[in-house]
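> This is the structure I have questions about; it appears just below.
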């Protein structure tokens, strides 16, 4: 962390941002089951998120106690939980053939026909798995972004812009926000 304070003044903001992203991604790769545990209170995820906020404060030369939410938006960097949302929804879109649309369940044209049909699960543990969580996160997207699911590049671009504009700190915050 201290080497970052020395590195930042001598490099451009773009290079520094790229190196920080590489550092955070390496930390995520080191904890192979990290994405499975972000929904809970998994210690390395919290530690990596705090480190990410500390790095953002160093980049912007902000106070240690200042909020990073607006800084994430300003720098157009996704917080760790938003990166999780992006990767999980991208997984769902790339493997859409493994999921069932509501339109495939019944032939009635409803406003939720683009939503994916969640499997009926009784166990909370099963509902926290990536397959079920991905369906919940995808179904919460606004309709205009769901329509882009046919073109993965356009879809990811629209999803990244949505996540950057809101800078979500948790899955619950994402699911409680009315997205337009």
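The values are calculated or read from the model by the stated rules, or taken from the named source; none is laboratory data. Note that the structure is a prediction, hence the values are computed from the model and not measured. Here Cβ is always computed from backbone atoms with ideal geometry, including for glycine, and neighbour counts include all displayed protein chains.
> Between 108, 85, 77, 89, which is under 30 Å from residue 57 (Cβ atoms) and not in a helix (DSSP H, G or I)?
Selected residue: 77, the only one of 108, 85, 77, 89 that is under 30 Å from residue 57 (Cβ atoms) and not in a helix (DSSP H, G or I).
> Only one residue in 70, 52 is outside the structural domain of residue 169 (by TED's automatic domain parsing), in a helix (DSSP H, G or I) and under 21 Å from residue 179 (Cα atoms). Which one? Talk me through it step by step, then tell me what you get.
On the way: 52 fails: under 21 Å from residue 179 (Cα atoms).
Criteria check complete, one pass: 70.
> So, one more: When you go through 116, 162 one by one, which is the residue that is under 29 Å from residue 51 (Cα atoms) and not assigned by TED's automatic domain parsing to the domain that holds residue 73?
Answer to the selection: 162.
So that you can scan it fast, the table gives a plain yes or no per residue for (1) out of contact with any helix residue (DSSP H, G or I) (no Cβ under 6 Å at 6 or more places or on another chain); (2) in contact (Cβ under 8 Å) with a residue 12 or more places away in the chain:
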{"site": "74", "(1), (2)": "yes, yes"}
{"site": "77", "(1), (2)": "yes, yes"}
{"site": "81", "(1), (2)": "yes, yes"}
{"site": "84", "(1), (2)": "no, yes"}
{"site": "92", "(1), (2)": "no, yes"}
{"site": "99", "(1), (2)": "yes, yes"}
{"site": "107", "(1), (2)": "yes, no"}
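> Quick one: how many residues across segment 105-127 are surrounded by 10 or more Cβ atoms within 10 Å (Cβ to Cβ) and modelled with pLDDT under 70?
At the first step, the residues of segment 105-127 found to be surrounded by 10 or more Cβ atoms within 10 Å (Cβ to Cβ) are 105-106, 110, 112-119, 121, 126-127.
Right, trim to modelled with pLDDT under 70 and you get 121, 126-127.
Qualifying residue count, segment 105-127: 3.
> Same structure, new question: For residue 133, state whether it is at pLDDT below 75, within 23 Å of the chain's Cα centre (by Cα) and part of a helix (DSSP H, G or I). Show your work before the answer.
Working: at pLDDT below 75: no; within 23 Å of the chain's Cα centre (by Cα): yes; part of a helix (DSSP H, G or I): yes.
Judged against the criteria, residue 133 is not a match.
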